[in-house]
Amino acid sequence: MPASDLTRGAVTGLKVVDLSRVLAGPLCTQMLADHGADVVKIEPPAGDETRGLGPPFDAAGQAAYFGAVNRGKRGMALDLSRANGRAVLEALLEGADVLVENFLPGTMERWGLGYEAHLSERFPRLIYCAISGFGADGPLGGLPGYDAVLQAMCGLMSINGAQESGATRVGVPIVDYVTGYNALTGVLLALAARERTGRGQRVEVTLFDTALGLLVPHAANWLCSGNTPGRLGSAHPNIAPYDKFAAADGEIFLGILNDGQFRRFCQKVARDDLLDDPRFRTNADRLAHVAALRTELERTLAKFTSEALCRDLMQAGVPAGAVNTVPQAFAQAHVAHRDMLVESEGHRAPGVPVKLARTPGGAGRRPPRFGEHARDILADAGFDERTINGLIETGIVSPQRKDTALRRPTRTRPKQS
C-alpha cells in the first residue's frame, strides 16, 4: 500500500466485513476503522443487541452502549438465514481483506460459509477472524460465552473484591474488551503473514483463553507456590504499599513498586522514621507487615489533601493518583492534551488510544443508524438499483429505520391488590 494512501491511518484501504455483535468483535473492527479501514457492519434483521441496552439512549434512540464500539463504520442489516442473504454476503466478500464474526461455532459452516470448506478456496487472501466463548471443540466447545460468566469460571471474580464483599465481577467487561484487542492483534499478525505468503488464514480468539491469560500475576503465583490466590480488595499480592488510602478529602491510590520510591514517599510525607523500621525496609518486609504499614500510612495521610499530595508525589517520581469518578476522570486537563475525548456529528466518545506518529488515524463518523448505508454498500458491491429494491422488498436486506423501533416495549408489572 503506497504511503500516499495512508493519510487516514495505517490500514487505509483495508476492507473489513464485520458480522460481529455486542462488544469484542465490534471493538476489534472499530479500532481498525479508527486507523483507516473501510468497515461494513452487517447486523441481523433484529439488530445488534447493544442497540437496545439502555438507557441511556441518544437523541436518535440508539443506546450509548452501541455507540461505544461502532463508530467509523458503514452499516446495513442482512438476513443470513436465507440463501439470497448469504449470496449477498459472498458478493460483499469479493475484494474484502478481513471478515470478523462471533456467531456460535458451527453457524457459518451450517450456512455453507465455513472458512476451511468454502471461503478459503474462493477468497484465498481473506483473513477470517472467529471470536467465541470457548472455541468449536473440547469439553466446552460450542457453548455460549459472556464476559461475566467467563470472569466467574476462569477465576477473575475470585481475586476481585474484598474479603467481606465476596467474589466480585470486575466493573468493566474486561474479558470482552481484551478479547477484542486479541482479535485485533491476530488480524494484524495474519495481515503481516499475508504480505509474505500472499494467503490469508483463520484467526481464532476465545473469551476462555483471554480470561485465563488475564490472571497476572495470580496464576504465576499459584503455579510457583501452590497457594490459592484470594481477594485483597485494591491491594496487590506481591507489592506494598500498593493500595488505596484515605486522605483528608478523599481516597488516593499509592503504587509504590520499589524501595527507592518508598524512600521518596516517606521523605515527602515527613515519615523518615519508617525507613529505619525493620518491618518496612524492603518490599518483602512491607508485605509481611502490610497491616501495620497500613495503620501508619492512614494516620499520616489523613493530614494531606489528595490533589496536592498526589501532585507532589508524582513530581517526586512516586506513583499516586486520586480515586476519581468517571466525570472527574474526563475533566482532567490531560484528557484534552491526549485528545481522549472526541466528538463527531454529535457523538461524543473516548478518543483513539493507539497513536502512530506518521499515520495517526482518528475517530471516524458517528456509529451507523440501523440499516443506514445499505444502498451505498450494495451499490459499491455492484448491485443495480432494481436488484437493491428487490432485496429490500423481500426482506433480505432490512430498510433503514429509527433505532427506537428496535427497542422492546417496557412491560409494567400489574399492581398488587
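The values are calculated or read from the model by the stated rules, or taken from the named source; none is laboratory data. Values in this document were obtained by computation on a predicted structure and should not be read as measured data. We place every Cβ from the backbone using ideal geometry, glycine too, and count neighbours over all the protein chains shown. Just the protein is used for accessible areas: all its heavy atoms, side chains included, with ligands, DNA and RNA removed. Shrake-Rupley method; radii C 1.70, N 1.55, O 1.52, S 1.80 Å.
Among the residues of region 378-397, what is the count of those that are in a loop (DSSP other than H, G, I, E, B), of a type in the set (Gly, Ala, Ser) and open to solvent by 50 Å² or more (accessible area, probe 1.4 Å)?
1
In this entry, GLU101 is excluded by the filter for residues that are within 18 Å of ILE131 (Cα to Cα), of a type in the set (Asp, Glu) and open to solvent by 40 Å² or more (accessible area, probe 1.4 Å).
Residues that are among the acidic types (Asp, Glu) and touching a Lys or Arg at 6+ places or on another chain (Cβ under 9 Å) within region 214-271 comprise ASP243, GLU251, ASP259, listed in sequence order. Return the total of residues in region 11-41 being in a loop (DSSP other than H, G, I, E, B) and open to solvent by less than 40 Å² (accessible area, probe 1.4 Å). Residues meeting the conditions: 9. Pairing each residue of region 54-81 that is at positive phi and at pLDDT 95 or above with any residue that is among the polar types (S, T, N, Q) and not in a strand (DSSP E or B), provided the two are 6+ apart or on different chains, yields C-beta distances under 8 Å for GLY72/GLN30. In region 149-175, the residues that are among the charged types (D, E, K, R) form Cβ pairs under 9 Å with partners that are in a helix (DSSP H, G or I) and open to solvent by 50 Å² or more (accessible area, probe 1.4 Å), at six or more places apart or across chains, as follows: ARG169/ALA152. A single member of ALA363, ALA329, ALA349 is part of a loop (DSSP other than H, G, I, E, B) and either in contact with an Asp or Glu (Cβ under 9 Å, 6 or more places away or on another chain) or open to solvent by less than 40 Å² (accessible area, probe 1.4 Å) (or both), and it is ALA363.
When each of GLY233, GLY161 is tested for being surrounded by fewer than 17 Cβ atoms within 10 Å (Cβ to Cβ), under 30 Å from ARG299 (Cβ atoms) and at pLDDT below 95, the lone residue that passes is GLY233.
Being assigned to a helix (DSSP H, G or I), closer than 27 Å to TYR177 by Cβ and touching a Pro at 6+ places or on another chain (Cβ under 6 Å) is the requirement here; does GLY67 meet it? The answer is yes for GLY67.
Filtered by the rule that a residue be more than 16 Å from ARG271 (Cα to Cα) and surrounded by 13 or more Cβ atoms within 10 Å (Cβ to Cβ), region 283-309 gives ASN283, ASP285, LEU287, ALA288, HIS289, VAL290, THR305, SER306, GLU307. Residue count for region 192-225 under the criterion of being of a type outside the set (S, T, N, Q), touching a strand residue (DSSP E or B) at 6+ places or on another chain (Cβ under 8 Å) and over 23 Å from ALA148 (Cβ atoms): the result is 4. Taken together, the residues in region 125-174 that are assigned to a loop (DSSP other than H, G, I, E, B) and either basic (Lys, Arg) or closer than 22 Å to PRO26 by Cα (or both) amount to 16. PRO44 meets all of the listed conditions (1) under 15 Å from ALA374 (Cβ atoms); (2) open to solvent by less than 20 Å² (accessible area, probe 1.4 Å); (3) touching a Ser or Thr at 6+ places or on another chain (Cβ under 9 Å); (4) not aromatic (Phe, Trp, Tyr) but one, namely (2).
Does LEU274 fit the bill of being in contact with a Phe, Trp or Tyr (Cβ under 7 Å, 6 or more places away or on another chain), free of Cβ contacts under 8 Å to residues at least 24 places away in the same chain, surrounded by 13 or more Cβ atoms within 10 Å (Cβ to Cβ) and hydrophobic (A, V, I, L, M, F, W, C)? For LEU274, the condition - in contact with a Phe, Trp or Tyr (Cβ under 7 Å, 6 or more places away or on another chain), free of Cβ contacts under 8 Å to residues at least 24 places away in the same chain, surrounded by 13 or more Cβ atoms within 10 Å (Cβ to Cβ) and hydrophobic (A, V, I, L, M, F, W, C) - is met. Within region 310-321, the presence of a residue that is open to solvent by 70 Å² or more (accessible area, probe 1.4 Å), acidic (Asp, Glu), out of contact with any His (no Cβ under 8 Å at 6 or more places or on another chain) and assigned to a helix (DSSP H, G or I) is excluded. Residues that are closer than 30 Å to SER158 by Cα, outside any loop (DSSP other than H, G, I, E, B) and out of contact with any strand residue (DSSP E or B) (no Cβ under 6 Å at 6 or more places or on another chain) are absent from region 226-237.
Restricting PHE123, PHE134 to those that are within 30 Å of ALA219 (Cα to Cα), modelled with pLDDT of 95 or more and either crowded, with 22+ Cβ neighbours inside 10 Å or not acidic (Asp, Glu) (or both) reduces the list to PHE134. Selection of region 238-271 for residues being in a loop (DSSP other than H, G, I, E, B) and over 27 Å from SER158 (Cβ atoms) yields ALA247, ALA248, ASP249, GLY250, ASN258, VAL269, ALA270, ARG271.
Among the residues of region 175-215, write down those that are in contact with a Gly (Cβ under 8 Å, 6 or more places away or on another chain) and in a loop (DSSP other than H, G, I, E, B). If the condition is that a residue be in contact with a Gly (Cβ under 8 Å, 6 or more places away or on another chain) and in a loop (DSSP other than H, G, I, E, B), then LEU215 is the only one that fits.
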